[in-house]
Amino acid sequence: MTQPVSPPRDGTDKVTPVAEPPAWRTVLFRADVRTLSLLGVLAALIVIGGLTKPDEFLDTRNLQLVLTQASVIGVVTVGMTFVITSGGIDLSVGAIVALASVWATTVATQEYGFAGILFTAVIVGVGCGMVNGLLIAYGGMVPFIATLAMLASARGLALQITDGRTQIVEVQGVLDLGERDAYVLGIPPLVLVFAVVTVIGWLVLNRTTFGRRTVAVGGNAEAARLAGIDVRRQRLYLYLLSGLCCGIAAFLLIVLAGSGQNTNGNLYELDAIAAAIIGGTLLTGGRGTITGSVLGVLIFTTITNIFALNNLQSDVQQIAKGAIIVAAVLVQRRTASTT
Amino acid sequence: MPQFPSRRGLLFGTAAVSAGTLLVGCTSNDTGDKAAADKQPAADDKPGKEVTIGFAGPQADHGWLNAINDNAKSRAERYEDVTLEITEGSNDTAQQIGQIETLINKKVDVLVVLPADGKALTQVGLKAMRAGIPVVNLDRIFNSPQAYRCWIGGDNYGMGLNAGHYIGEKLKDKSDARVIELAGLDNLELTKQRTQGFDDALKNYPNIKKVARQAAEFTVESGQAKMAQLLQAQSKFDALWNHDDDQGVGALRAIEQAGRDDFLMVGGAGALSAFQAIEKDDGVLKATVLYPPTMAASAIDLARALGQSKGIGGLAEFEIPSSLTLYSAVVDKDNVDQYMSTGFK
């Protein structure tokens with residue numbers, strides 16, 4: 001355990017002056033304050049939901065619903081958190097989800113059944129992520145531009161495959177996965193996947209060399225390179241990882257919606273970035289928190305749920321979402337400057 | 001750690017190539033179906049003067065718009081005397097203006113334009129009319145009546161009205177009936193018109209109350225998400241009107257997932273999957289209100305009639321009307337056979 005961890009930490013310590021023990025402890029403390037404040041927001045939302053709609057909101061079915069709705073964007077956000085932590089950005093996540101979901105639901109793919117759909121969704125995601133990664137790491141393109149190009153072309157390809165049509169899934173095994181009968185001890189399979197992705201993501205970011213390298217590249221890429229980290233390969237892997245998450249999310253979306261459509265994953269990039277940022281991941285890189293990102297996703301999903309249960313319309317919903325992003329970031333800046 | 005780069009590279013390389021080969025074979029969607037059939041012509045069928053019709057529409061990024069293009073093309077093919085000049089669909093106003101100007105310069109005889117944005121394309125409509133090319137404005141209306149010779153389109157208010165009346169008649173004997181609405185994209189005027197029509201119709205039935213309304217985004221994904229929330233919010237209701245059959249696929253999925261079947265559902269637009277569900281009659285979807293994509297076929301008929309200076313068969317006038325609002329018929333189990341061929345995917 002300690003053996004693979006020590007060399008990169010040495011590397012980062014050499015070049016990042018803030019990483020001395022006391023500073024390191026403040027960082028940890030700060031992260032805790034941040035997580036606690038997010039939990040506070042979530043608790044406040046639960047109180048509001050419980051007060052306004054006690055019967056509908058405080059209900060097992062509603063909990064299942066909120067977690068299910070959070071799972072697709074949640075998986076995307078885990079991948080996005082890694083990319084942002086490394087100082088990058090992935091604007092193509094929504095488009096990749098769309099492309100993977102339509103590619104995996106064509107008539108030809110559906111002939112291969114459950115495995116065919118799952119395999120195609122994941123591989124298309126990874127493939128797009130690889131193209132992003134190669135362009136950014138080895139092609140020297142700015143992440144913003146490379147992934148913007150991927151956004152445009154993946155959406156275009158998705159449209160070309162579907163011709164704008166809704167591709168309905170006929171494979172019963174895939175559809176069954178979204179039904180109540182498939183719940184494991186009351187937990188929907190989609191939520192299980194989300195939980196597993198979150199736990200793996202947390203472990204990888206916090207307990208592995210890969211995670212430490214990611215933080216190091218985001219903190220100071222040049223320093224990381226001098227410390228012996230292959231920055232380019234690290235970047236390639238990070239965009240691959242984001243693509244993989246999109247592929248998994250696309251499969252979840254296929255199960256959830258029972259279909260593939262080129263409009264899927266609309267504005268996921270913004271939702272995922274927003275969730276990661278309010279979670280406490282630095283947009284400039286060097287710091288990332290999976291726990292925060294997941295809390296960010298849950299906060300947004302819970303807001304949507306409370307608004308829908310109270311029959312408030314989408315305009316109010318959007319205004320509130322914007323206000324919460326601003327408030328969360330302001331609170332973070334305060335906590336960051338005071339501690 | 002880079003001890004075996006070549007072996008690992010080889011492994012991944014081979015895997016990537018074989019996955020790629022497999023995947024490329026998986027993009028086909030061919031089921032061997034033909035485009036929506038359309039039978040009755042609006043103008044008379046006898047061949048006349050050769051007419052070149054220029055057609056410009058938005059990018060076919062959803063099923064209904066795709067059906068618009070298919071209907072226009074297959075209709076034009078049926079006439080020996082019609083040549084169709086069709087542009088690459090675009091949602092970009094500047095690009096669509098350019099495309100229409102190209103068609104004007106090519107001196108087509110008649111233009112059929114479905115603007116990406118009606119108001120923004122008014123000027124180019126005016127330009128065509130001034131150049132002596134009559135314009136048939138399809139569905140999304142120009143700002144000025146001078147910009148088109150004839151407008152043909154659907155009736156959003158009528159959709160809501162007819163959906164409301166259908167539901168009203170079904171529930172009129174039920175006291176304290178509860179109705180919910182799953183609307184389309186809320187920042188479009190057409191969504192407001194549909195909701196207005198629906199509300200106006202329900203006013204005729206004092207026993208019915210609309211208890212909830214949520215707006216989805218015309219996509220399957222949003223339909224599923226919003227419907228799931230609505231079902232959680234309303235443990236009991238009697239009828240649901242969903243503005244759009246595409247998002248209805250998602251809504252039906254949410255209804256199935258929640259295991260609910262204690263209400264009747266009416267859809268909107270007229271997708272093939274909705275028609276098939278109505279015909280099977282084994283779920284909550286009992287009817288759908290049309291917003292017929294066959295209007296593109298009729299627009300070709302009108303353009304041909306304009307080019308040949310004819311009126312519409314069955315009307316007394318020598319000219320075609322300046323405005324045609326199509327009826328938003330309700331399709332249910334009794335008449336679904338008749339409409340099946342017009343359903344879009």
>> From the P(r) of the protein assembly as shown, could you give the percentage of C-alpha pairs in the tail past 33 Å?
In response: 54 percent
>> Nothing charged except the Cβ atoms of Lys and Arg (+1) and of Asp and Glu (-1): what's the magnitude of the dipole of region A:198-299 about its Cα centre? Round to the nearest 20 debye.
In response: 420 debye
>> Only counting other Cβ atoms within 10 Å, I'd like A:92, B:235 sorted with the fewest neighbours first.
In response: B:235, A:92
> Label-point separation (nm) for residue B:204 and residue B:325, each offset 7 Å from Cα along Cα-to-Cβ?
Replying inline: 1.5 nm
> How many angstrom separate the Cα center of region A:169-191 from the Cα center of region A:72-102?
Replying inline: 24 Å
>> Please compute the alpha carbon radius of gyration of region B:156-290, then divide it by the globular-protein estimate 2.2 N^0.38 Å. Two decimals is fine.
In response: 0.93
> Summing Lys, Arg as +1 and Asp, Glu as -1, what charge do residues with Cβ under 13 Å from the Cβ of residue A:277 carry, residue A:277 excluded?
Replying inline: +2
> Bin by bin, in steps of 10 Å, what percent of the Cα pairs in region B:25-175 do you find, going until the bin that has the longest distance?
Replying inline: 10, 33, 30, 17, 8, 2, 0
> Once you have the alpha carbon radius of gyration of chain B, what is it after dividing by 2.2 N^0.38 Å, with N set to its residue count?
Replying inline: 1.16
>> Treating only the Cβ of Lys, Arg, Asp and Glu as charged (+1, +1, -1, -1), what charge dipole size does region A:52-338 show about its Cα centre? Round to the nearest 20 debye.
In response: 1120 debye
>> Cut-off 14 Å, label point 7 angstrom out along Cα-to-Cβ of residue B:175: give me the residues of region B:190-212 whose amide nitrogen falls inside.
In response: B:207-208
> Can you sort A:103, B:64 by how many other beta carbons sit within 10 Å, fewest first?
Replying inline: B:64, A:103
>> Report D for region A:164-311 in µm² per second (integer): Stokes-Einstein, Kirkwood Rh on Cα pairs, 25 °C, 0.890 mPa s.
In response: 140 µm²/s
> Would you list B:317, A:56 from fewest to most Cβ contacts within 10 Å?
Replying inline: B:317, A:56
>> Per residue, how big is the convex hull of region A:52-338 when only Cα atoms are used? Give it in Å³.
In response: 141 Å³
> How big, in percent, is the set of alpha carbon pairs in region A:119-246 lying more than 27 Å apart?
Replying inline: 37 percent
> With the dipole of region A:52-338 worked out from charges on the C-beta (+1 for Lys and Arg, -1 for Asp and Glu) around the Cα centre, which of A:318, A:68, A:224 lies farthest toward the positive end?
Replying inline: A:224
> Nearest 0.05, what FRET efficiency do residue A:183 and residue B:45 give at R0 = 51 Å with Cβ-Cβ as r?
Replying inline: 0.30
> Any idea how far apart residue B:120 and residue B:107 come out in nm if each label point goes 7 Å out from Cα toward Cβ?
Replying inline: 3.2 nm
> In Å, what is the Rg of the alpha-carbon atoms in region A:52-196, and how long is Dmax?
Replying inline: 17.5, 55
>> As a test of understanding, state the convex hull volume per residue of region A:235-326 from its alpha carbons, in Å³.
In response: 122 Å³
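Counting only DSSP beta bridges with both residues in the protein assembly as shown, what percent are antiparallel, rounded to the nearest 5? List each step's numbers first, then the result.
Values: 6 of 44 bridges.
Here the antiparallel bridges make up roughly 15 percent for the protein assembly as shown.
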>> At 27 angstrom or more along the helix axis (alpha-carbon based) and mean Kyte-Doolittle of 0.0 or higher, what helices does chain A contain? Whole DSSP H runs only.
In response: A:21-52, A:60-85, A:113-133, A:143-162, A:231-257, A:290-309, A:314-338
> Toward the positive end of the charge dipole of chain A, about the Cα centre and with charges on Cβ (Lys, Arg +1; Asp, Glu -1), which of A:48, A:274, A:141 goes farthest?
Replying inline: A:141
>> How far apart, in nanometres, would the label points at residue A:172 and residue A:330 be if each is projected 7 angstrom from Cα along the Cα-to-Cβ direction?
In response: 5.6 nm
> Once every DSSP H run of n ≥ 4 in chain B is given -39500 (n - 2.57) and the sum is divided by its residues, what mean residue ellipticity at 222 nm do you get, rounded to the nearest 500 deg cm²/dmol?
Replying inline: -13000 deg cm²/dmol
>> Could you tell me which residue out of A:208, A:96, A:248 lies farthest along the dipole of region A:52-338 toward its positive end? Charges go on the beta carbon: Lys and Arg +1, Asp and Glu -1, centred on the Cα centre.
In response: A:208
> Setting aside same-chain residues fewer than 8 positions from residue B:345, which lysines have a Cα under 21 Å from its Cα?
Replying inline: B:34, B:39, B:73, B:280, B:286, B:333
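We did not get these values from a lab; they are worked out from the coordinates using the rules stated. The structure displayed is predicted, hence computed values, not measured ones. Note that we place each Cβ from the backbone using ideal geometry, even for glycine, and neighbour counts take in every protein chain shown.
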